[in-house]
Amino acid sequence: MQKFTDMDALITGGTNGIGLATAQQFIQEGGRVIITGRTEKTVNNAVEQLGRNAIGIVSDAGSTKDVMLLQKKVKEHTDKIDLLFVNAGYGKFAPIEYADEAHFDELFNMLVKGTFFTVQQTLPLMKNGSSIVLNTSVVTEMAIENFSVYSAAKSAVQSFIKTFAAECTAKGIRVNGVSPGYIKTNGFNNTGLDHSQIEAAIKTIIPTIPFKRFGEPSEVASAVIFLASKEASYIHGTELKVDAGISIIR
């Protein structure tokens, strides 16, 4: 028996990495998926990979205008969402002295406003028994140089897990989060680092990870799938760390 037969998921940032891996697993378990991405090209490529049970919507989580149109666009394809995985986002990093207002606004618009209003717009489509999963980050538990703005934005998302859970309890909607550690995604591509700098950063990071490797997107996706499933029916307001223990074992 597949876990998500006749169920629909909305996964923001579903064109690559953790979002795409989650979409793949949800479909494998019998569900249908709507993914969002910032460009038509990436959305179409992802839908082609996912197959006939996937639909793509071009929507930028950093654009309030796009997010406010999300409910309307989703309703063109389904009248219900059983899983909302708010995953869209990336990191940009800078020392305190060099982080300007544009840097600050870009991350907070995408990660904080984007998350809040994505949930707000999707809630009317969610019924008793459905599930919301937010993507936070290991950075909320660790002090990392040059990560001040990104860490603050992700900490706000972490806070939403508790407050959204409190408000959604009466609706019968469970709210949880996943906190990924270092995962093999294209997350470094938006940092402004070139290829050689990215490779150097990865070589520096790996020795600090208890398992001495980056995680696979599928390993985080499996956690999301678990939180969305009936097996997690008594889990609510919780953040599940998928970080090889780096936030605890250092």
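How many residues does the range 75-103 hold that are part of a helix (DSSP H, G or I), modelled with pLDDT of 95 or more and aliphatic (A, V, I, L, M)?
Residues in the range 75-103 being part of a helix (DSSP H, G or I), modelled with pLDDT of 95 or more and aliphatic (A, V, I, L, M): 1 in total.
May I ask you to list pairs of residues, at least six apart or on different chains, whose Cβ atoms are under 8 Å apart, with the first in the range 118-142 being within 18 Å of K162 (Cα to Cα) and the second being surrounded by fewer than 21 Cβ atoms within 10 Å (Cβ to Cβ) and of a type in the set (D, E)?
Every condition considered, the pairs that remain are T136/E239.
Collect the residues in the range 130-161 that are in contact with a helix residue (DSSP H, G or I) (Cβ under 9 Å, 6 or more places away or on another chain), surrounded by fewer than 19 Cβ atoms within 10 Å (Cβ to Cβ) and farther than 22 Å from V242 by Cβ, keeping them in residue-number order.
The answer is N146, S148.
Here are E48, E76: which of them is loosely packed, with under 14 Cβ neighbours inside 10 Å and within 27 Å of I173 (Cα to Cα)?
E76 is the lone residue from the list that is loosely packed, with under 14 Cβ neighbours inside 10 Å and within 27 Å of I173 (Cα to Cα).
Kindly indicate whether E141 is modelled with pLDDT under 95, acidic (D, E) and in contact with a strand residue (DSSP E or B) (Cβ under 8 Å, 6 or more places away or on another chain).
In short, yes.
Which pairs do you get when a residue that is in contact (Cβ under 8 Å) with a residue 40 or more places away in the chain and closer than 18 Å to P217 by Cα, found in the range 227-250, comes within reach of a residue that is in a loop (DSSP other than H, G, I, E, B) and hydroxyl-bearing (S, T, Y), reach meaning Cβ atoms under 7 angstrom, with the pair 6+ apart or on two chains?
From the range 227-250, the pairs are E239/T136; K241/S247.
Quick check on the range 106-119. Is at least one of its residues at pLDDT 95 or above, within 23 Å of Y234 (Cα to Cα) and either open to solvent by 10 Å² or more (accessible area, probe 1.4 Å) or within 15 Å of the chain's Cα centre (by Cα) (or both)?
Taking every residue of the range 106-119 in turn, at least one turns out to be at pLDDT 95 or above, within 23 Å of Y234 (Cα to Cα) and either open to solvent by 10 Å² or more (accessible area, probe 1.4 Å) or within 15 Å of the chain's Cα centre (by Cα) (or both).
Yes or no, residue by residue, for (1) modelled with pLDDT of 95 or more; (2) under 21 Å from V86 (Cα atoms):
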| site | (1), (2) |
| --- | --- |
| S155 | yes, yes |
| T163 | yes, yes |
| E167 | yes, yes |
| V178 | yes, yes |
| N189 | no, yes |
| S222 | yes, yes |
| S233 | yes, yes |
| S247 | no, no |
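Against the definition (under 15 Å from M7 (Cβ atoms) and surrounded by fewer than 20 Cβ atoms within 10 Å (Cβ to Cβ)), how does I34 come out, yes or no?
When the stated conditions are applied, I34 does not pass them.
Out of T12, T5, T22, which single residue is closer than 19 Å to S229 by Cα and touching a Ser or Thr at 6+ places or on another chain (Cβ under 6 Å)?
Exactly one residue qualifies, and that residue is T12.
Yes or no: F211 open to solvent by 70 Å² or more (accessible area, probe 1.4 Å), in a loop (DSSP other than H, G, I, E, B) and not aliphatic (A, V, I, L, M)?
Spelling it out, F211 is indeed open to solvent by 70 Å² or more (accessible area, probe 1.4 Å), in a loop (DSSP other than H, G, I, E, B) and not aliphatic (A, V, I, L, M).
If I filter the range 162-174 down to residues being open to solvent by 70 Å² or more (accessible area, probe 1.4 Å) and touching a residue at least 40 places away in the same chain (Cβ under 8 Å), which single residue comes out as farthest from D243 (Cα to Cα)?
Applying the filter and picking the extreme gives K171.
So is F26 within 15 Å of the chain's Cα centre (by Cα), crowded, with 17+ Cβ neighbours inside 10 Å and at negative phi or not?
Judged against the criteria, F26 is a match.
Tell me, yes or no, whether the range 175-189 has at least one residue that is at negative phi, exposed (fewer than 13 other Cβ atoms within 10 Å of the Cβ) and not in a helix (DSSP H, G or I).
Checked the range 175-189: at least one residue is at negative phi, exposed (fewer than 13 other Cβ atoms within 10 Å of the Cβ) and not in a helix (DSSP H, G or I).
Scan the range 224-250 for residues that are open to solvent by less than 50 Å² (accessible area, probe 1.4 Å), touching a Lys or Arg at 6+ places or on another chain (Cβ under 9 Å) and more than 18 Å from T140 (Cα to Cα) and jot them down.
Matches in the range 224-250: I225, L227, A228, S229, A232, I235.
The values are calculated or read from the model by the stated rules, or taken from the named source; none is laboratory data. Everything numeric in this text was worked out from a predicted model, so none of it was measured. Cβ: placed from backbone, ideal geometry, glycine included. Neighbour counts: every protein chain shown. Remember, those area values only see protein heavy atoms, side chains included, never the ligands or the DNA or RNA. Shrake-Rupley method; radii C 1.70, N 1.55, O 1.52, S 1.80 Å.
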